[in-house]
1. Taking the stretch 447-461 on its own, how many of its residues are touching a strand residue (DSSP E or B) at 6+ places or on another chain (Cβ under 9 Å), within 18 Å of residue 416 (Cβ to Cβ) and at pLDDT below 90?
2. Select from the stretch 408-431 the residues that are in contact with a strand residue (DSSP E or B) (Cβ under 7 Å, 6 or more places away or on another chain) and assigned to a helix (DSSP H, G or I) and write down the one among them that is surrounded by the most Cβ atoms within 10 Å (Cβ to Cβ).
3. From 243, 272, 294, which residue is modelled with pLDDT of 95 or more, in contact with a strand residue (DSSP E or B) (Cβ under 8 Å, 6 or more places away or on another chain) and either assigned to a helix (DSSP H, G or I) or buried (at least 23 other Cβ atoms within 10 Å of the Cβ) (or both)?
4. Hey, residue 317 hits all of (1) in a helix (DSSP H, G or I); (2) touching a helix residue (DSSP H, G or I) at 6+ places or on another chain (Cβ under 9 Å) but one; which does it fall short on?
5. If we keep just the residues of the stretch 99-136 that are more than 19 Å from residue 173 (Cβ to Cβ) and at pLDDT below 75, which is surrounded by the most Cβ atoms within 10 Å (Cβ to Cβ)?
6. For the stretch 199-212, check the following and say yes or no: at least one residue is assigned to a strand (DSSP E or B) and assigned by TED's automatic domain parsing to the domain that holds residue 101.
7. Of these, 225, 254, which one is outside the structural domain of residue 339 (by TED's automatic domain parsing), at pLDDT below 90 and surrounded by fewer than 24 Cβ atoms within 10 Å (Cβ to Cβ)?
8. Run down 161, 146 and say which single residue is within 24 Å of residue 117 (Cα to Cα) and part of a helix (DSSP H, G or I).
């Protein structure tokens with residue numbers, strides 16, 4: 001059943017000065033045509049409108065005023081005797097269209113008329129006060145009605161109406177939250193039209209500024225959270241040098257679906273791992289953090305190789321939001337003397353190793369197991385690798401090798417990455433400098449930021 005439109009009167013544009021009765025048109029209500037309006041509300045109309053739209057109680061639920069450039073502005077005047085004491089002149093908006101005016105005698109009636117198209121509210125400060133809230137003190141508050149209106153319509157512009165001899169009360173209304181105050185005995189169309197437009201635009205600017213400030217706060221909180229979730233290597237007592245670089249694919253993010261960690265267990269073994277959850281959104285980032293923390297806990301509990309990866313797969317299966325989500329992983333456990341390492345690959349690219357006098361090469365890729373989450377009861381064999389007395393071991397995610405080269409479809413790939421690292425090492429780059437140069441060159445080759453997350457971990461002996 002269609003809902004009757006709340007009462008309103010359309011005021012045509014005129015030049016400055018008070019409106020004449022001959023220029024003001026008032027629509028009459030015909031019960032056979034619910035599309036018309038009247039200057040005085042029909043009780044049935046108000047009840048229908050109230051059922052159709054519940055009043056907004058706070059800023060979290062009140063809808064933002066819509067763009068009304070095409071239809072003009074609608075204002076709501078709240079005062080106890082609109083027909084007798086307050087004369088609203090004919091007011092055009094900035095485009096010359098009539099500003100529609102609705103009137104209410106009290107806040108209860110105004111609450112029913114505060115539909116989405118209302119842009120501005122004119123409140124007579126002489127209106128009898130609203131009932132105090134339980135949380136309010138019992139002392140007299142002349143602006144209690146205004147405070148109640150601001151809670152009722154936090155996203156509407158509010159103009160306070162007062163007498164010319166009570167400027168201090170109007171100024172106090174602005175301090176409370178009104179956009180401006182006007183002297184009711186000095187109103188004319190030019191002043192009122194300009195005040196309404198300014199108040200509406202000022203309120204929009206305030207809402208936009210508040211939204212921007214809230215977005216900045218959320219971004220700062222997210223950054224602190226993500227920074228706290230990045231790993232801190234636990235290598236106390238180890239002679240190995242550690243370096244890492246991380247760049248998420250998400251815009252303005254610090255954490256993506258890639259993850260890494262390095263710890264030294266009490267027996268002197270150094271354990272390192274790097275992994276990649278498919279996708280690079282916030283859900284994948286959260287799952288990557290869970291897997292990293294689980295890996296650290298399981299490593300300190302003494303698990304290694306196939307036993308550790310099988311348990312991590314169980315964690316993934318329980319924590320993922322979709323059965324199609326999987327993660328690749330590379331784990332390395334380096335013996336206390338630093339000359340040997342155990343390597344497990346779960347669908348992940350093989351690490352790169354460089355030794356003095358020899359070019360950088362990839363470690364063996366044989367016996368590579370499937371990614372975590374793809375096959376139930378899968379197995380991940382552990383390969384023994386001889387490192388030698390001096391070496392540099394680089395673990396990385398596929399974001400480093402999947403960047404494009406130039407404008408074509410060709411990608412860097414593992415061979416291109418190996419050649420790049422060889423060249424950079426020949427230039428004397430090591431540690432943090434080597435990783436930074438590698439990340440920058442991959443980005444430059446891609447012609448801009450990479451779309452996938454990138455993590456690189458480097459251990460030197």
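1. So the answer is 3.
2. Applying the filter and picking the extreme gives 421.
3. Details: 243 fails: either assigned to a helix (DSSP H, G or I) or buried (at least 23 other Cβ atoms within 10 Å of the Cβ) (or both); 294 fails: in contact with a strand residue (DSSP E or B) (Cβ under 8 Å, 6 or more places away or on another chain).
None of the other options fit; the residue is 272.
4. So the condition that residue 317 fails would be (2).
5. Among those that are more than 19 Å from residue 173 (Cβ to Cβ) and at pLDDT below 75, it is 131.
6. Here is the first cut: in the stretch 199-212, the ones assigned to a strand (DSSP E or B) are none.
No, the stretch 199-212 has no match at all.
7. That would be 225, the only listed residue that is outside the structural domain of residue 339 (by TED's automatic domain parsing), at pLDDT below 90 and surrounded by fewer than 24 Cβ atoms within 10 Å (Cβ to Cβ).
8. Working: 161 fails: part of a helix (DSSP H, G or I).
146 is the lone residue from the list that is within 24 Å of residue 117 (Cα to Cα) and part of a helix (DSSP H, G or I).
The values are calculated or read from the model by the stated rules, or taken from the named source; none is laboratory data. On a predicted model such as this, the values are computed, not experimentally measured, just so you know. Backbone-built Cβ (ideal geometry, glycine too); neighbour counts: all protein chains shown.
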